[in-house]
1. Take the alpha carbon gyration tensor of the stretch 61-142, find the square roots of its eigenvalues, order them as a ≥ b ≥ c, and report rounded if a/c is under 1.5; if not, report prolate when a/b exceeds b/c, else oblate.
2. Which whole-number percentage describes the relative contact order of the stretch 151-264, with Cα contacts under 8 Å and a sequence gap of 6 or more?
3. Would you please state the base-10 log of I(q)/I(0) at q = 0.14, 0.18, 0.24, 0.27 1/Å for the stretch 126-182, with intensities from the Debye formula using one equal scatterer on every alpha carbon?
4. Of all DSSP beta bridges located in the chain, what percent are antiparallel, nearest 5?
5. Could you pull the Rg and Dmax for the stretch 165-234, using just the Cα atoms, both in Å?
6. Please get the size of the charge dipole for the chain, origin at its Cα centre, with Cβ charges of +1 on Lys and Arg and -1 on Asp and Glu, quoted in debye to the nearest 20.
7. Cα gyration tensor of the stretch 104-249, axes a ≥ b ≥ c as square roots of the eigenvalues: rounded (a/c below 1.5), prolate (a/b > b/c) or oblate?
8. Going by a ≥ b ≥ c, the root eigenvalues of the Cα gyration tensor, does the stretch 29-89 fall in the rounded group (a/c under 1.5), the prolate group (a/b larger than b/c) or the oblate group?
Amino acid sequence: MTIIFRMTETLDPRFADYLTTNRDFVDAAIAEAVAALDLPTGGQVLDMGTGAGGAIPHLARAVGRTGRVLAVDLNPAVTALAADHADRAGVTDRVTIRTGDATELLTEAAYDAIWTSDVIWPGNFDDPAAVVAAMARAVKPRGVVALFYSNYYQASFLPGQSRLERLLRTASELRWQLPADGPQHYERHLAWLLGAGLHDVRLRSYPRIGFPVDADPTIRPYLESAVWPELRESAARCGEQAGLTAAELSEVKQLLTPGNPRYVVDQPGFFIMHPTILATGHPPVPS
Ligand SMILES: C[S@@+](CC[C@H](N)C(=O)[O-])C[C@H]1O[C@@H](n2cnc3c(N)ncnc32)[C@H](O)[C@@H]1O
């Protein structure tokens, strides 16, 4: 494995926890999504914004020993997590991990596939459509642009509490300053693919379902290290602006705090439903 680090940097432990628990939680969905791409043996794949490297083993196995996966992330501490993950998966022979801006690697017709997971959205790019257009130019004829999303904002975490759920989502969107509508909205992925001139644009879903929660060892860590801290913090910072009352803000704390007698995960019938999605498009094949 080639690892090109720009510098050493420590990673905020909360961000590391989010990346690794989210990685484990969506792993089964990513396996299905990568399989759906039908990547060619020997293919060249770019993994933009690899994070903790969750897609690397799946992409690397799909292209086989003669293929190459170039996994890139802006954050050097994150690429160290990705390198460790690739190492444990035993795929280092065909993987290069690099620190840097992945958009600078979008050279014309360079890749059989460009994969992203939770990267192409307004939280990272002012103009996601322009990035997708550059990705479209960087895939070879018969290649694929693949936008995978864990789809956090469409997940159901508080069954039976629709008002709280809706307002918490709004609080989170306000906290991260996400546009509430318009061409940069995070649900415009298909419009970005179509606007880039890609053909055969498709949307698939690989739901992750948590019930009973402890039947799947990845769910409780994901909820407790990633989801509940994010929602509690969003409620504290932007809940009032989103429309949560003081009583509801107090309820959020009780429901989303492990160990509290009202902790939502321990209530009978609790489940989560997380509809991960894969949006794909292909460049037109030259006649
Ligand atoms: C939400 S995380 C997702 C990480 C990983 N793909 C996953 O699914 O867990 C987004 C990642 O994209 C990286 N990122 C954002 N913009 C980038 C860019 N222009 N080039 C490379 N990485 C980028 C961030 O550093 C971060 O690690």
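Where a number appears in this text, it was derived from the coordinates with a stated rule and is not lab data. This is a predicted model, so every value here is computed, not measured. Note that we place each Cβ from the backbone using ideal geometry, even for glycine, and neighbour counts take in every protein chain shown.
1. Numbers: a/c = 2.35, a/b = 1.28, b/c = 1.84.
Judged from the Cα gyration tensor, the stretch 61-142 comes out oblate (a/c at least 1.5, b/c at or above a/b).
2. On the way: 75 pairs, mean separation 36.0, N = 114.
Result for the stretch 151-264 is 32 percent.
3. Debye output, listed in q order: -0.60, -0.79, -1.02, -1.14.
4. Values: 16 of 39 bridges.
Expressed as a percentage, antiparallel bridges in the chain total about 40.
5. That works out to 16.2, 44 Å for Rg and Dmax.
6. Details: 25 positive and 33 negative charges, 83 e Å.
Dipole magnitude for the chain comes out near 400 debye.
7. Values: a/c = 2.67, a/b = 1.75, b/c = 1.53.
It is prolate, given that a/c is not under 1.5 and a/b is the larger ratio.
8. Values: a/c = 1.86, a/b = 1.67, b/c = 1.11.
Judged from the Cα gyration tensor, the stretch 29-89 comes out prolate (a/c at least 1.5, a/b above b/c).
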